Amino acid sequence: MSPKNDSGFKVEPFDGSNYGLWSYKMKMYLMSKGLWGAIAGDETTSEAKEQQAHAC
């Protein structure tokens with residue numbers, strides 16, 4: 001990943017130090033892209049959504 005991207009966030013590659021700051025920046029970046037749900041486990045897969053729809 002490039003340190004600077006189109007969202008304006010600057011996230012340096014993790015170098016083994018200051019994990020707290022790095023993880024916060026990475027979380028904010030992923031949230032800005034709508035990807036945090038996949039990491040946090042909040043987002044269900046298309047297959048799971050389809051099964052839920054058929055169960056109703």
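The values are calculated or read from the model by the stated rules, or taken from the named source; none is laboratory data. This is a predicted model, so every value here is computed, not measured. Glycine also receives a Cβ, built like all others from the backbone with ideal geometry; neighbour counts cover every protein chain displayed.
Could you go through the stretch 2-15 and let me know if any residue there is of a type in the set (D, E, K, R), at pLDDT below 85 and surrounded by 10 or more Cβ atoms within 10 Å (Cβ to Cβ).
Here is the first cut: in the stretch 2-15, the residues of a type in the set (D, E, K, R) are 4, 6, 10, 12, 15.
Subsequent filtering for residues that are at pLDDT below 85 retains 4, 6, 10.
Keeping just the survivors that are surrounded by 10 or more Cβ atoms within 10 Å (Cβ to Cβ) gives 4, 10.
Among the residues of the stretch 2-15, at least one is of a type in the set (D, E, K, R), at pLDDT below 85 and surrounded by 10 or more Cβ atoms within 10 Å (Cβ to Cβ), which makes the answer yes.
For the stretch 39-53, give me each residue that is exposed (fewer than 12 other Cβ atoms within 10 Å of the Cβ) and at pLDDT 70 or above.
Residues satisfying the conditions are ALA40, GLY41, ASP42.
Among the residues of the stretch 12-43, how many are assigned to a loop (DSSP other than H, G, I, E, B), on the phi < 0 side of the Ramachandran plot and within 13 Å of the chain's Cα centre (by Cα)?
So the first thing to find is which residues in the stretch 12-43 are assigned to a loop (DSSP other than H, G, I, E, B), and the list is 12-18, 33-35, 41-43.
Those left that are additionally on the phi < 0 side of the Ramachandran plot: 12-15, 17, 33, 35, 42-43.
In the following step, the residues that additionally are within 13 Å of the chain's Cα centre (by Cα) were identified as 33, 35, 42-43.
Final tally of qualifying residues: 4.
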